[in-house]
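**Student:** Pasting a structure below so you can have a look.
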């Protein structure tokens, strides 16, 4: 190649406005946009040219510039240089047999889209690794989108070569093919060809150092899900196995997954295609593959596309500070320095405290902010201020609430308590509580109870046990808030698995009221997407009817998280329909027909219709037949409600 890189940089400078440059990155080079977020414009231009040159994508860059400003492009065209083979032509020359990749023109390309790292060390069972690699290549080639994917396979991979391959190929998808052990490690070779384990935590540290454009990691090895959460801090989508997986099942999963990618499907849909292929062939282990993602946008069927967003405003904004009060039975990470927050480990007591979350003026209703990997011109993320975290003894805690309420009118003397669900850290609970409080314009104080969720997608079973162990502490926190805070009315929102803790807590509170005539009652209770067994709910729901002013149950037929829970428990969940759960004395609202989040599970805090409905109930306790946004429905002579489309 003989391109004039200086002339190309000059072309970008003269031929693209700031907005056009941003759009070009968004459309063609999202990884560059992410990596250069917040850097000066000249540096971003320079790094774009360097990246395009290194990845042999200069022809693609020039074509994009020409589309945005053909006039200036013509002026510079004679200065730009030329090449004997374009990137498009090079990619189209990919071999049909992956085994010949290393001796083709692809050796001229450093980067690849899929990097397969295979290992079958001495002394381990022989696996069909060559067959798996071939299937990956073949299935990608079936779809139009997959024909442009560059695949590179490295065999008998040694641990010491991991960093070399990541630096050399900068893959989009990293695929491990081979054995895993019961500890969740993947097995590669040492320099004698013998087995050497690599923990996902170590791999995650390497990814953090190397960086690059990696989006997805597939750990096609036994037990690899055990520690896969570590990788989700550095990539958007991780696939792992939660048990032993049959060799043929593993090969077929890979084949189905890459067929989905080849036809332009998103990672989640490709993952489901992989599991489906195992089941269609009546092979074992169809439930062993699992996926982990912190990005709900990946749980979709649409083709893969850049997942980078921008706001149009570049105006500087100032954040406001939102106060929160909390109770938790989590252990502090560092008891002598509470600013370090709380862990996912259980404690045998309630810790009372307060904290503050900064909320930017760019905050969007229904959002705690753009994900960490997105670049926005104006930072819209809510942030927990570590130095604001305070532990308070019980007396000081309630005195602090009473002092805050003095600034409110008498009709604003209330509290809303949020109880989070599965896979939520203490910090995430605080951010979501602040978002709810701000969006609902809470009259009074906003509080939350944070039980010791592991904060990991792979920690579902552990969280189930922990929410049960937390019931007594949730009960104590709610009773104390009603009796000792001076709050006139306590409202509650429970989400997902948090509903299990609240359900049992309300049962305990009702028993206390009936046994010793305690004066304990609540205002509005909102049950959002409950991950609760319907039979259990039917049997215990009487507590809601007797203790709450009104209880509203939100359900959806599009809740993918509860679909997964239903599969795990082999039983429906209260928050999922059909069948729709309708209990006398509780208002059931079906939100399936409104525009939910892609995951369909966080709608209570992310969808304006639901937020408006909650707000109206908090303000006026309006019954469903008087709420304009709802229309009546009926099932088995029982009435429920749904939002108007």
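FYI, it's all coordinate maths here, none of it is from the lab. All of these numbers come straight from a predicted model, not from anything done at the bench. Backbone-built Cβ (ideal geometry, glycine too); neighbour counts: all protein chains shown.
**Student:** Each label point is 7 Å from the Cα along the Cα-to-Cβ direction; what then is the distance between the points at residue 210 and residue 619, in nm?
**Tutor:** The answer from the label model is 5.4 nm.
**Student:** Give me the percent of DSSP beta bridges within region 146-230 that run antiparallel, rounded to the nearest 5.
**Tutor:** If I count the DSSP bridges inside region 146-230, around 45 percent turn out antiparallel.
**Student:** Classify region 95-298: rounded, prolate or oblate, from the alpha-carbon gyration tensor (a ≥ b ≥ c, eigenvalue square roots; a/c under 1.5 rounded; otherwise prolate if a/b is larger than b/c)? Before the final figure, lay out the partial values.
**Tutor:** Working: a/c = 1.16, a/b = 1.02, b/c = 1.14.
Here region 95-298 falls in the rounded category.
**Student:** Please give, to one decimal in nm, the separation of the simple spin-label points placed at residue 43 and residue 346, each 7 Å out from Cα toward the Cβ.
**Tutor:** Placing both labels 7 Å along Cα→Cβ, they lie 4.8 nm apart.
**Student:** What relative contact order, as a whole-number percentage, does region 95-298 give when Cα pairs under 8 Å and 6 or more residues apart are counted? Let's see the in-between values first.
**Tutor:** Numbers: 453 pairs, mean separation 43.5, N = 204.
Taking the mean separation of contacting Cα pairs over the length of region 95-298, I get 21 percent.
**Student:** What does the extension gain come out to for residue 644 and residue 276, with contour length at 0.36 nm per residue minus their alpha carbon separation? Each step should come with its number before you reach the end.
**Tutor:** Numbers: separation 368, 0.36 × 368 = 132.48 nm, distance 3.50 nm.
Full extension of this stretch gives 129.0 nm more.
**Student:** Multiply the residue gap between residue 244 and residue 79 by 0.36 nm, knock off their C-alpha separation, and tell me the result in nm, one decimal place.
**Tutor:** Full extension of this stretch gives 53.5 nm more.
**Student:** So how do 139-147, 610-618, 204-212 stack up, highest first, on mean other-Cβ count within 10 Å? Working shown, then result.
**Tutor:** Details: 139-147: 17.3, 610-618: 19.9, 204-212: 15.3.
Peptide ranking by packing, descending: 610-618, 139-147, 204-212.
**Student:** Additional query: So, by mean Cβ neighbours within 10 angstrom, what's the order for 391-398, 263-270, 514-521 with the highest one leading? Working shown, then result.
**Tutor:** Working: 391-398: 15.1, 263-270: 21.6, 514-521: 10.1.
Descending mean neighbour count gives 263-270, 391-398, 514-521.
**Student:** Which percent, to the nearest 5, of DSSP beta bridges fully inside region 396-643 are antiparallel? Please list the in-between numbers first.
**Tutor:** Values: 6 of 34 bridges.
Antiparallel: roughly 20 percent of the beta bridges in region 396-643.
**Student:** Another one. Round to a whole angstrom and tell me the spacing of the C-alpha centers of region 511-552 and region 1-48.
**Tutor:** Using only Cα atoms to place each centre, the spacing works out to 58 Å.
**Student:** Pop the C-beta distance of residue 164 and residue 201 into the FRET formula with R0 = 25 Å and round what comes out to the nearest 0.05. List each step's numbers first, then the result.
**Tutor:** Numbers: r = 20 Å, r/R0 = 0.81.
Result of the calculation: an efficiency of 0.80.
**Student:** So what is the relative contact order for region 153-268, in percent, with contacts set as C-alpha pairs under 8 Å and at least six apart?
**Tutor:** On the way: 186 pairs, mean separation 27.1, N = 116.
After rounding, I find 23 percent.
**Student:** How far apart, in nm, are two points set 7 Å out from the Cα along the Cα-to-Cβ line at residue 612 and at residue 27?
**Tutor:** Taking the two extended label points, one gets 3.5 nm.
**Student:** Report the extension gain between residue 629 and residue 6 in nm, rounded to one decimal, defined as 0.36 nm multiplied by the number of residues separating them, less their alpha carbon distance. Could you put the intermediate results ahead of the total?
**Tutor:** Details: separation 623, 0.36 × 623 = 224.28 nm, distance 5.93 nm.
Here the answer is 218.4 nm.
**Student:** From the Cα gyration tensor of region 14-53, with a ≥ b ≥ c the square roots of its eigenvalues, which class applies: rounded if a/c is under 1.5, or else prolate if a/b is larger than b/c, or else oblate? Walk me through the intermediate numbers first.
**Tutor:** Numbers: a/c = 1.22, a/b = 1.15, b/c = 1.06.
Since a/c stays below 1.5, the shape of region 14-53 is classed as rounded.
**Student:** Please tell me the relative contact order of region 396-643 in percent, rounded to the nearest whole number, where contacts are Cα pairs under 8 Å and at least six residues apart. Mind dumping the intermediate values first?
**Tutor:** Working: 450 pairs, mean separation 38.9, N = 248.
Relative contact order, region 396-643: 16 percent.
**Student:** If you don't mind, another one. Which shape class applies to region 396-643: rounded if a/c is under 1.5, otherwise prolate when a/b exceeds b/c and oblate if not, where a ≥ b ≥ c are the square roots of the Cα gyration tensor eigenvalues? Each step should come with its number before you reach the end.
**Tutor:** Values: a/c = 1.38, a/b = 1.23, b/c = 1.13.
Cα axes put region 396-643 in the rounded bin.
**Student:** Take every DSSP beta bridge with both residues inside region 95-298 and express the antiparallel ones as a percent of the total, to the nearest 5.
**Tutor:** Details: 10 of 30 bridges.
Bridges in region 95-298 are about 35 percent antiparallel.
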